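For reference, the structure discussed in these notes is given below.
The values are calculated or read from the model by the stated rules, or taken from the named source; none is laboratory data. Quantities reported herein were computed from a predicted structural model and do not represent experimental measurements. We place every Cβ from the backbone using ideal geometry, glycine too, and count neighbours over all the protein chains shown. Quick note on the areas: whole protein, heavy atoms, side chains included, nothing else; ligands and nucleic acids left out. Shrake-Rupley method; radii C 1.70, N 1.55, O 1.52, S 1.80 Å.
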Amino acid sequence: MFYTEKRDGFARLGVLELEEKIRTPAMLEGKSLEKFDFGKAPYAVKKLFPDVYERLKPKGDVAILTGISTMMPKEINDAFSELRGTRAIFAVACATPLNVSTLIYLGADLVDNLMAIAKAYRGIYFFGDFEISVEKLERFPCNCEHCKQQKIKELKKEDVYEIVAKHNSEVLRQEVEKCRILIAEENLRNYVEAKSKLSPELTALLRFTDFEMQNCFPRFRKSTLYFTSQESANRFEVRYFFQRALECYEPRTKALLLLPCTARKPYLASKTHRAIRSAVKVNVNEIIISSPLVVPREFELLYPAVNYDTPVTGHWSEEEIDFVAKWLRKFVEKEEFEKIVAHVEGGYRKVVERALKDFEVVFTAEEGILSESSLKKLKKELEGYESFDLFAEMFTHASRYQFGIEVNGVAKGKYPEIELIRRERIARFDLRYGNLDVYGEFAKEILRSGNYVVKIADFEPSSTIFCAGIEKADEKIRPNDVVVFYNSQLYGVGIARMHGKEMVEAEKGVAIEVRRKSRF
Ligand SMILES: [Zn+2]
């Protein structure tokens, strides 16, 4: 029996119940491998000779994936796609410190140290991510209990291989342990992207995997999104943000102001944006240009806009300008603005010029966006526009984005700690996750809409709702989503730990962490 405790994309923290409980992802070794049937044919045989594979395939409760080290990136991606489900996946005899985080990212719950040992007996020593021939070493560079920095020439050859095998297994075990922590921290993706830069094959594998947009990927997460590679813009959260923000964007004013991004997030809490606002009364819609994000101000408290980091060098590549310009244009086209003011310079200006070449755009920045003359010019261009309740719009846009409903109220508070009030607080922004947390009447409106709603059996939930207690769940639900659960007596707000379909299908596992509940 296998069950999930926390999901992050295809990766998950789980428990495999054999004779003892194994917390996954895990590296298995020695006797624990005897409990599995590995079958007589590697997985690759399935494609060429499906009938043969059917007869020779492994049996048991765990999905066994053999032969990965002989497969091409696309085949590996396809094999994981076929095997994903409620069973644990065991990627057999292929894990190394370099590839294991990617295997786990793809959905491997179990790996073993067979490749680590096989490499050891071929004289290959794991030096972090790198593999080095043991013959090139004078002494073991590691101080683990097996290596102890011993001089290699003074050891017998068979002892050297045994030490390398134990050391290699230890390095791999640590790497698997690291992945467990990274999943708990919701930060595995940044790590996998960085690792993929050490191997074209891993990069190819990641690119194939990014084509798959499945419900197990969260929209909101607590880790900072790093735009450090070409693959970063392919991340699910980024693609979702662009699509969803574009669907939900409803500008209100006749004029539009374009601004550059800031290092500090949310942008409005930055010195630069505050300085602009203290000099100029901004009563119009704003879109903030970053790379690769484009963020209408209304969405700046949502993930990933609220929590990302991108390298700023002042140099914009042609691809970067193209990508950002394409999205900027789509957002601008949502409304027929009478006036577009761009308070930008350098690469940001290039983006605006490319995106809006057939629009009339007033550029107001000269010699720095905070210079006296720039701000004076900007002030003049923005004068005369009627007032616009930005904070209320932030809540309206976030509720549309997150729950697909329109919820109104009065927005109050000191930015970014703002709340939506109707008699009492009904929503606030959770800045850690970059989404809305909801209370009382807001939760009831979600309940009426049926979006992000979970029906549970008639029991009094405590801090965790397990899959066994789930009767129905909206299939739109993704891990980390704020959900509203209910039964005949009560309703409450919680955080999904898996996707909606999985909550219903899995017999066991953590479905929802409860934040609050009330009686009807
Ligand atoms: Zn060692």
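Observations
- SER278 meets the conditions (1) closer than 17 Å to LEU375 by Cα; (2) at pLDDT 95 or above in every case but one. The failed one is (2).
- Restricting attention to segment 341-368, the residues that are in a strand (DSSP E or B) and closer than 20 Å to PRO292 by Cβ total 1.
- Every pair of residues 6+ apart whose Cβ atoms lie under 8 Å, when the first sits in segment 348-359 and is open to solvent by less than 90 Å² (accessible area, probe 1.4 Å) while the second is among the basic types (Lys, Arg) and in a helix (DSSP H, G or I): ALA355/LYS326; ALA355/ARG329; LEU356/ARG329
- Scanning segment 211-228 for residues that are crowded, with 18+ Cβ neighbours inside 10 Å and under 25 Å from SER317 (Cα atoms) yields LEU225, TYR226, PHE227.
- Test: residue in segment 279-286 that is of a type in the set (Lys, Arg) and open to solvent by 70 Å² or more (accessible area, probe 1.4 Å): yes
- With respect to the conditions (1) within 30 Å of GLY60 (Cα to Cα); (2) touching a residue at least 24 places away in the same chain (Cβ under 8 Å), ILE124 falls short on a single one, namely (1).
- Of the residues making up segment 119-145, those that are under 37 Å from the mean Cα position of the chain (by Cα) and either near the ligand (Cβ under 10 Å from one of its atoms) or under 11 Å from THR96 (Cα atoms) (or both) number 13.
- The listed residues are ASP112, ASP8, ASP37, and the only one of them that is surrounded by fewer than 17 Cβ atoms within 10 Å (Cβ to Cβ) and in the same structural domain as ALA165 (by TED's automatic domain parsing) turns out to be ASP37.
This table checks each residue for (1) more than 25 Å from the chain's Cα centre (by Cα); (2) crowded, with 17+ Cβ neighbours inside 10 Å; (3) part of a strand (DSSP E or B).
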position: GLU445; (1), (2), (3): yes, yes, no
position: PHE459; (1), (2), (3): yes, no, no
position: LYS472; (1), (2), (3): yes, no, yes
position: ASN480; (1), (2), (3): no, yes, no
position: VAL484; (1), (2), (3): no, yes, yes
position: GLY492; (1), (2), (3): yes, yes, yes
position: LYS501; (1), (2), (3): no, no, no
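- Considering residues of segment 149-161 that are open to solvent by 40 Å² or more (accessible area, probe 1.4 Å) and within 13 Å of the ligand (Cβ to nearest atom) only, the residue farthest from the chain's Cα centre (by Cα): GLN150
- Segment 308-340, subset among the aromatic types (Phe, Trp, Tyr) and outside any helix (DSSP H, G or I), residue least open to solvent (accessible area, probe 1.4 Å): TYR308
- Condition check for ASN187 on (1) surrounded by 18 or more Cβ atoms within 10 Å (Cβ to Cβ); (2) touching a residue at least 40 places away in the same chain (Cβ under 8 Å); (3) away from the ligand (no atom under 16 Å from the Cβ): one failure, at (2).
- Residue tally, condition in contact with a helix residue (DSSP H, G or I) (Cβ under 6 Å, 6 or more places away or on another chain) and more than 9 Å from the ligand (Cβ to nearest atom), over segment 162-175: 4
- Taking (1) of a type in the set (Gly, Ala, Ser); (2) surrounded by 23 or more Cβ atoms within 10 Å (Cβ to Cβ); (3) not in a loop (DSSP other than H, G, I, E, B) in turn, ALA305 satisfies each apart from (3).
- Some residue of segment 49-58 being surrounded by 15 or more Cβ atoms within 10 Å (Cβ to Cβ), more than 15 Å from the ligand (Cβ to nearest atom) and assigned to a loop (DSSP other than H, G, I, E, B): yes
- Enumeration of residues in segment 287-315 that are within 19 Å of ASP430 (Cα to Cα), of a type outside the set (D, E, K, R) and more than 15 Å from the chain's Cα centre (by Cα): VAL295, PRO296, PHE299, LEU301
- Any hit, segment 227-244, residues being of a type in the set (Gly, Ala, Ser) and under 11 Å from the mean Cα position of the chain (by Cα): yes
- In the condition set (1) open to solvent by 20 Å² or more (accessible area, probe 1.4 Å); (2) assigned to a helix (DSSP H, G or I); (3) of a type in the set (Lys, Arg), LYS265 is compliant with all but (2).
- Cβ pairs under 7 Å, 6+ apart, first in segment 139-154 and touching a residue at least 12 places away in the same chain (Cβ under 8 Å) and more than 19 Å from ASP129 (Cα to Cα), second within 11 Å of the ligand (Cβ to nearest atom) and part of a loop (DSSP other than H, G, I, E, B): GLN150/PHE140; ILE152/PHE140
- Pairing residues of segment 256-271 that are assigned by TED's automatic domain parsing to the domain that holds VAL362 and under 20 Å from PHE331 (Cα atoms) with residues that are charged (D, E, K, R) and in a strand (DSSP E or B), at Cβ distances under 8 Å and at least 6 apart in sequence or on separate chains, gives LEU256/GLU286; LEU256/LYS339; LEU257/GLU286; LEU258/GLU286; LEU259/GLU286.
- Residues of segment 14-39 that turn out to be of a type in the set (S, T, N, Q) and part of a strand (DSSP E or B), as a count: 1
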